[in-house]
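Report on the following structure.
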Amino acid sequence: MDNENKVLIEQALELKNQENDTVTVMAGGCDTDRVLLREALAMGCDTAWLIVRQSPYINHKPLLSVDMGKMARLAGFDIIITGYRVKSGFSSFLGAELAELLDLDQISCASKLALSKNNRLVSADIKYGNESLRVENPLPCVVTLANSTAKNEIISVTEIFQSFEKEMVIWRDEELDRLKFTEEKIAEKSFSDAVLIDSLKKSEKRKECVLYDEISVEEAVDIIIKNLRKQNIIKGTCL
């Protein structure tokens, strides 16, 4: 993972520790990105969902924000955290589009987040040059983080092995295309096979719509350790 993605995960985990909550990490990419999500799980995330966009007609697919919006509704959330440079398409930004699609407020270029679920508020510092402004926003909301440097704390092999006790789900094009936002009756014949997100939350049918991670523990450990060595985060095997 690059610095920006690590910062997002580190901030989410800080909020998790504040409220004893859970973190679901979501990404759009290809099958090989499962290893990157394994790294996120080893860092402390609870669940990982990967959107695999394998269609050869990728330009005809919905923007990543559309699929991410479906996933967020299905997983449930209080706060969605993205990087301010994370793209949804060639020129659009994920945070702004998710806020619009999900009809949420957005805090942009934020840092030092704090969460109060009892008061249903998130607070953040927004930097303006050398000055900073403290803002609060009701939950749920979208937050895009300003550029900062990740702590790059060491991930041990033990933590990587433990990450295999956590759920990783892979969603593919055809399953995502069938997901619909609302509970309204589907009368059109072309939508007769649609899966409604609200009904999917309440049933075991979700397992029919996804694949589960198939990479072995040994493969993931080997790849993650090689990646960490390349980034000079570790110089040997950390047990």
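The values are calculated or read from the model by the stated rules, or taken from the named source; none is laboratory data. Fair warning: this is a prediction, and the values are worked out from it, not measured in the lab. So basically every Cβ, Gly included, is an ideal-geometry build from the backbone, and we count neighbours across all protein chains shown. Note: accessible area is taken over every heavy atom of the protein model, side chains too, but ligands, DNA and RNA are not part of it. Shrake-Rupley method; radii C 1.70, N 1.55, O 1.52, S 1.80 Å.
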Exercise for the section: Just name the residue that is modelled with the highest pLDDT out of those in the stretch 88-114 that are surrounded by fewer than 15 Cβ atoms within 10 Å (Cβ to Cβ) and not in a loop (DSSP other than H, G, I, E, B). Expected result: Asp105
Practice task
For the stretch 16-36, indicate whether the set of residues that are open to solvent by less than 40 Å² (accessible area, probe 1.4 Å), of a type in the set (Ser, Thr, Tyr) and in a helix (DSSP H, G or I) is non-empty.
Solution key: no
Practice task
Determine if the stretch 199-212 includes at least one residue that is part of a helix (DSSP H, G or I), over 20 Å from Met26 (Cα atoms) and modelled with pLDDT of 70 or more.
Solution key: no
Problem - Selection within the stretch 130-152 - part of a loop (DSSP other than H, G, I, E, B) and either open to solvent by less than 70 Å² (accessible area, probe 1.4 Å) or at pLDDT 85 or above (or both) - result: Leu139, Pro140, Ala146, Ser148, Ala150, Lys151, Asn152
Practice task
May I ask you to list the residues in the stretch 165-178 that are under 17 Å from Val23 (Cβ atoms) and surrounded by 15 or more Cβ atoms within 10 Å (Cβ to Cβ)?
Solution key: Lys166, Met168, Val169
Practice task
Considering each residue of the stretch 130-156, count those that are among the aliphatic types (A, V, I, L, M), under 17 Å from Leu15 (Cα atoms) and touching a helix residue (DSSP H, G or I) at 6+ places or on another chain (Cβ under 8 Å), and give that number.
Solution key: 4
Problem - Residue ID - nearest to Leu74 (Cα to Cα), chosen from residues in the stretch 45-56 that are modelled with pLDDT of 90 or more and surrounded by fewer than 18 Cβ atoms within 10 Å (Cβ to Cβ) - result: Thr47
